[in-house]
Amino acid sequence: VPWPQRAVYLIGDVNCHQQAERSYELNGNQLPVCARDVGLLLGLVLGMGAFMFFRRRIGWLWLGLLLVPMAVDGGLQAISSYESNNMIRTVTGALAGTGIGLGAGVLIDRFFGGTDDPVGPAEVHGQQ
């Protein structure tokens, strides 16, 4: 196996359980991450992209609520005989990833000098 593919699967090994029944296949090959991680990664891209495009801050409570479906789905699987399917895992992962991506956008924006207000600093202080 060429080294780029080995590197991708090594990263998957470190970050994911890679259980075959919880993973998608592409061209007969199991992906290096599970269905939930596929959703998380897609959601991260969507969330960061949405923040960069709209530049709107969302309250931390709303971002936290996007994590709840994944926590409930994963938590129920851990403590009961409930077993979700890959589509549910992907959707709940995507919701959580979107929340994480939006939150990361807010934190990065604040770190690099963004304001806590959705309006620019000049309008807040009455200067234009």
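The values are calculated or read from the model by the stated rules, or taken from the named source; none is laboratory data. Quantities reported herein were computed from a predicted structural model and do not represent experimental measurements. Virtual Cβ from ideal backbone geometry, glycine too; neighbours counted across all protein chains shown. Each accessible area value is taken on the protein alone, full model and side chains, heavy atoms only, with ligands, DNA and RNA left out. Shrake-Rupley method; radii C 1.70, N 1.55, O 1.52, S 1.80 Å.
So that you can scan it fast, the table gives a plain yes or no per residue for (1) at pLDDT below 85; (2) open to solvent by 60 Å² or more (accessible area, probe 1.4 Å); (3) in contact with a strand residue (DSSP E or B) (Cβ under 7 Å, 6 or more places away or on another chain); (4) closer than 23 Å to Cys16 by Cα:
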| site | (1), (2), (3), (4) |
| --- | --- |
| Ala71 | no, yes, no, yes |
| Gly74 | no, no, no, yes |
| Tyr82 | no, yes, no, yes |
| Met87 | no, yes, no, yes |
| Val91 | no, yes, no, yes |
| Gly99 | no, no, no, yes |
| Val119 | yes, yes, no, no |
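Restricting the first member to region 28-46 and to residues that are free of Cβ contacts under 8 Å to residues at least 40 places away in the same chain, and the second to residues that are of a type in the set (S, T, N, Q) and assigned to a loop (DSSP other than H, G, I, E, B), the beta-carbon pairs closer than 9 Å and six or more apart or on different chains are Gln30/Gln18; Gln30/Ser23; Leu31/Gln18; Leu31/Ser23; Pro32/Gln18; Pro32/Ser23; Val33/Gln18; Val33/Ser23.
Taking region 1-51 as the range and being of a type in the set (Gly, Ala, Ser), surrounded by fewer than 18 Cβ atoms within 10 Å (Cβ to Cβ) and farther than 17 Å from Met87 by Cα as the test, the residues that pass are Ala7, Gly28, Gly49, Ala50. Here Gly59 does not fit the description of being closer than 26 Å to Ile108 by Cα and open to solvent by less than 30 Å² (accessible area, probe 1.4 Å). Take Leu66 and tell me if it is among the hydrophobic types (A, V, I, L, M, F, W, C) and open to solvent by less than 60 Å² (accessible area, probe 1.4 Å). Yes.
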